[in-house]
Amino acid sequence: MEHLKLSGLFSIFLLALTALPTVAREKPLPYRDSSLPTEKRVDDLMKRMTLHEKVGQLMTVLLGSRREHEDFDKERRKQDLNVGTYILNSKDAAFANRYQKALIDSTRLGIPALMGGDVIHGRVTTYQIPLGASCSLNPDLVGRAASMAAREMRLCGSQWVYGPMVDICHDPRWGRVMEGYGEDAYVASRFSAAAVRGFQGDKPGGRYSVAACLKHYVGYGASEAGRDYVPTDISRQMLWDTYLPPFEAGVKAGAASLMSAFNILSGVPASANPYTLTEVLRNKWKTDAFVVSDYGAVKQLVRQGFARNPKEAVLRGFSAGLDAEITDERYYGKYLEELVKEGSLSEKQIDAAVRRVLKVKFDFGLFENPYVEELPDAERFLRPEDRELSRALAEESFVLLKNENRVLPLSAGARVAVVGPFADNGADMLGSWASFGNKKYVTTILRAMRDRFGADRIRYAQGCEAEKTDTSGFAAARTAAMESDVVVCCLGEMNKYTGENASRYHLWLPEVQEQLIEMLAATGKPVVVVLTNGRPMILTETVKHCAALLDIWKPGVEAGPAVARTLAGDVSPSGRLTMTFPADMGQIPIYYNRRRPARKSGYYKDGTIEPLFPFGYGLTYADLKYDDLRVTPAGNGFEATVSVTNPTGRSVKATAMWYVSAESDRIARPERELRYFDKQEVKGGETVTFRWTIDPLRDLGYVDSDGRHFLTAGTYTLTVEGRSTTITVPETMAVDPSE
Ligand code: BGC
């Protein structure tokens, strides 16, 4: 071990030496001179590059095989080095270093590679899935988790993350809802910006900063019938008011890149869409961030009926504004040069795309620091502070959906039956896209309950498997319940039902789990359901049989401690739903900010239109009282305040979600729109004030179908936590961009 560590350090030393300009006394070539501005360095490097080398920078291919230690020679033999960016499927830092060194030493200009990775909720230290994390309504915490993931990525040799995923979705059947921040554009925008800043750091190029890649641009989440990869149809209006804002927020936060989506967007594939790729990104948002395709999205243009063959697909994608491509088939490599030579594309167009990729490499310090320290795993992953952060985020994201007779927190000294297929289950606490996460790193709910409550007070019986029909374990579960004061029943959906291409037909719990809870309820003991899930589920039956329901999503490595501490009352749940829980399948798609119906409502003949749990729902252990809502003029806008009192003896985190409703406007607007949220600790017996400084155009105004923001004079209703008041916007404050 020691020997390995020393040789690792020695190799870093050698690598560092070779990274220095070849002859110290000679002036470095301008592109290698870090004292020059990026612009100049890019200019210089571009002048030296052949068309072939330029095209190489526009390709991303897979590298590594997910083994503990990669076989460098094998990988090296497989690869042609004229490639600018990679998906690094490895956490072997020595391998990443050797590969970079090969690129730097054996290519003519020694351009280091940007090494990417799919890190959605942690590299090795898995934390709460994004949908769950957004329920925390604490973007700072999510930003800190992103920084932790960035550090782990850097220490594996990556500097580019395919995240955050900021697709809005109104259909919980879609498996990828777990990767995003829910149904609301404002929530997703706040988290998008926080995650970008967390990954990239205050300024790109920091020691542990990785370049963010906002995905999937755009409209992928509007999937019809919840199916993956299918076309989506979105009006320009809804594109601007719902689907684009989280991307705009991420771009404004400085995201270095974007990934184009798979879907056909209103007839034109998102990976070959001139409106979204050029008009919006370049002409309106004026960003330099480069756009890479999702894996294989260029070739898929042929399947989508948008190109006759891969060469035409390359032409259509690239001409629309798709700078780079991810695929092992290297279509950009095969056809871009040819397309330039035959005059279908100009070298100037290629140059613009290459410049964007190179800019990121310079900005993120790749030319100065292409290598990574080779640290032992204990110093890279799962350090106590990493676990603590993962636990804190898990705790803040739990949503308490029911708490009859205040069964939670569990009373001191209670004897607890811990039951269910997810109680002693590490794997299903991780969630999809867990990267190098592993079930062996997870502290299970059962283990943590024993630690927190004392093993002698816990009776455990699994009861059933997550979905098999065998009920032979019910008897033991019943005995455990009878010998206890309360039952904690861990139910939900398995990892494999969430994530990419994991759409679901039904969102009820599997029948065997419903039977288990009914049997437990029949014992007369209060049943607390701890639900693990990657999407809103249909809990209409489940909720009838339990006294309390705590949604923990897929909380990551500290699942157990976070649950045990919450059930014990060491911490109160404070999460709010960022996606509506439907009452039944027939309500889907469902979301809170619909536009108003023509008549009072369009009802179903055979069921309710009300969701089971609406967007924004979530209880705490304190019966918080919101009062004293006031709005006063302030500066060029208004200031709104509301007070919250905690009448209990325990400290909790209180949330204020501020909604705006326009009485009428030139575009019919949603019934209500979330425009601000905030969260703060309120100690027992204390009253605190929430404050929102309202910028009228930003916070009360709206956006038209061309992305122009306007504000109409008139009356607006402001609602916060059940309190409402109105604001009048005078003519003098109105903003009309068409004037
Ligand atoms: C997914 C992306 C991911 C990419 C690279 C695709 O299948 O849609 O989200 O980043 O693969 O692994």
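Quick one: order Ile517, Ile120, Ile588 by neighbouring beta-carbon count within 10 Å, fewest to most. Could the numbers behind the result be given before it?
Working: Ile517 24, Ile120 27, Ile588 19.
Listed from fewest to most nearby Cβ atoms, that is Ile588, Ile517, Ile120.
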Of all chymotrypsin sites (Phe, Trp or Tyr not before Pro) in segment 459-523, the ones in DSSP coil with at most 15 other Cβ atoms within 10 Å are Tyr505
Rank the residues Tyr592, Tyr275 as a footprinting-exposure proxy: fewest other Cβ atoms within 10 Å of their Cβ go first. Tyr275, Tyr592
For Phe638, distant residues with modelled amide H under 5 Å away: Ile694
DSSP loop (so not H, G, I, E, B), at most 14 other Cβ within 10 Å: list which trypsin sites (Lys or Arg not before Pro) in segment 156-208 pass both filters. Arg207
Residue-normalised 222 nm signal for the chain, counting each DSSP H run of n ≥ 4 as -39,500 (n - 2.57), nearest 500 deg cm²/dmol, is -8500 deg cm²/dmol
So for the chain, what are the equivalent ellipsoid semi-axes in whole Å, largest first, each being the square root of 5 times an eigenvalue of the Cα gyration tensor? 44, 33, 24
Using a 10 Å cut-off around each Cβ, can you sort Trp692, Trp285 from fewest to most neighbouring Cβ atoms? Trp285, Trp692
Considering the convex hull of the alpha carbon atoms of segment 286-418, report its projected area averaged over all viewing directions, in nm², one decimal. 16.8 nm²
Relative contact order (%) - criterion: Cα under 8 Å, at least six apart; region: the chain: 13 percent
Which three extents, in angstrom, do the Cα atoms of segment 334-408 have along their principal axes, listed largest first? 75, 38, 22
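Size of the dipole of segment 457-524 about the Cα centre, Lys and Arg at +1 and Asp and Glu at -1 on the beta carbon, nothing else charged, in debye to 20? Don't skip to the end; give the middle numbers.
Values: 6 positive and 10 negative charges, 35 e Å.
Using only the charged Cβ atoms, the result is roughly 160 debye.
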Please report, in debye to the nearest 20, how large the charge dipole of the chain is about its Cα centre when each Lys and Arg carries +1 at its beta carbon and each Asp and Glu carries -1 there. 780 debye
FRET efficiency estimate (nearest 0.05) - Cβ-Cβ, Lys439 to Arg77, R0 45 angstrom: 0.85
What base-10 log of the normalised intensity I(q)/I(0) is obtained for segment 631-739 from the Debye formula, alpha carbons as equal point scatterers, at q = 0.10, 0.24 Å⁻¹? -0.34, -1.33
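Taking 19 Å as the cut-off for C-alpha to C-alpha distance, list the pairs among Lys653/Lys683; Lys54/Lys203; Lys334/Lys359; Lys554/Lys625 that go past it. All intermediate terms of the calculation are to be shown ahead of the outcome.
Working: Lys653/Lys683 8 Å; Lys54/Lys203 27 Å; Lys334/Lys359 24 Å; Lys554/Lys625 30 Å.
Correct reply: Lys54/Lys203; Lys334/Lys359; Lys554/Lys625.
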For segment 174-190, just list the computed ³J(HN,Hα) in residue order, Karplus coefficients 6.51, -1.76 and 1.60, θ = phi - 60°, integers in Hz, with x standing in for Gly and Pro. 5, x, 7, 4, 5, 7, x, 10, x, 9, 10, 5, 5, 4, 4, 5, 4
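Read-outs throughout are calculated quantities, based only on the coordinates presented, and are distinct from any laboratory measurement. All values derive from a computational prediction rather than experimental measurement. Note that each Cβ is placed from the backbone with ideal geometry, even for glycine, and that neighbours are counted across all protein chains shown.
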